[in-house]
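Below you'll find the structure, written out as structure tokens, and then a few comments.
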Amino acid sequence: MVIATQSFKSYPAKKSKSEIDLRQELINTINGNYPEIAKGRDGLLRTMQRDKLGKLVKCVCVDRVTNEPDKDAFCGICYGEGFLWTETALRFYKVILSDQKDFIEEEFRTPGTDKLPLVAFYLPYDTEITVADKIIELKLDIEGAVVLPARRSAVYRMNSLVDFRSDYGRLEYWKAKAVKEDVKYLNHPGNKY
């Protein structure tokens with residue numbers, strides 16, 4: 001009996017492109033692409049300002065002795081953040097990862113955050129972001145549109161920021177793991193809206 005042997009490739013090469021474009025897939029998820037419905041949310045990116053040496057710029061409300069802002073008195077410049085910042089519009093896709101401390105990576109866990117839910121924000125590749133920046137959610141109406149005038153509804157501090165890269169090291173998207181901060185002033189207290 002003669003057994004014929006032939007070469008067999010488990011994954012034969014295709015002549016056409018077969019991999020999905022992760023960058024475009026996230027853009028389609030956030031903004032929608034027929035027949036897919038947009039799943040992104042509008043928010044703000046709070047970019048912390050830095051000096052020439054790369055250090056965060058302190059606000060004038062920071063006490064010289066304690067080196068902390070007054071959390072009880074409203075500061076119209078930094079809203080109790082303690083550092084200067086600017087906010088820009090941002091579209092993101094949000095996923096709640098867990099509300100149990102077991103799922104939060106040990107190296108990113110900080111004291112007092114054991115009971116806070118860990119959230120992941122997926123951001124487009126062209127977002128200029130650092131781990132010191134914050135993501136702000138805006139108040140939405142029942143249909144998911146931003147209530148006008150815009151009002152902040154939550155501030156998220158990042159625990160980690162991962163740049164997902166694929167083909168030849170091209171940046172595909174950002175994944176920011178974050179926890180919600182308990183802040184006293186999300187909006188100006190004089191604003192009645």
*Inspect segment 146-165 for any residue being in contact (Cβ under 8 Å) with a residue 60 or more places away in the chain, part of a loop (DSSP other than H, G, I, E, B) and assigned by TED's automatic domain parsing to the domain that holds residue 96 and give the result as yes or no.*
no
*asked:* What's the total number of residues in segment 72-89 that are closer than 30 Å to residue 175 by Cβ and either out of contact with any Phe, Trp or Tyr (no Cβ under 9 Å at 6 or more places or on another chain) or free of Cβ contacts under 8 Å to residues at least 24 places away in the same chain (or both)?
replied: 9
*Qualifying residue in segment 39-60 (condition: modelled with pLDDT under 90 and surrounded by 14 or more Cβ atoms within 10 Å (Cβ to Cβ))*: no
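The values are calculated or read from the model by the stated rules, or taken from the named source; none is laboratory data. None of these values were measured; they are calculated from a predicted model. In this analysis, Cβ positions are derived from the backbone assuming ideal geometry, glycine residues included, and neighbour counts consider all displayed protein chains.
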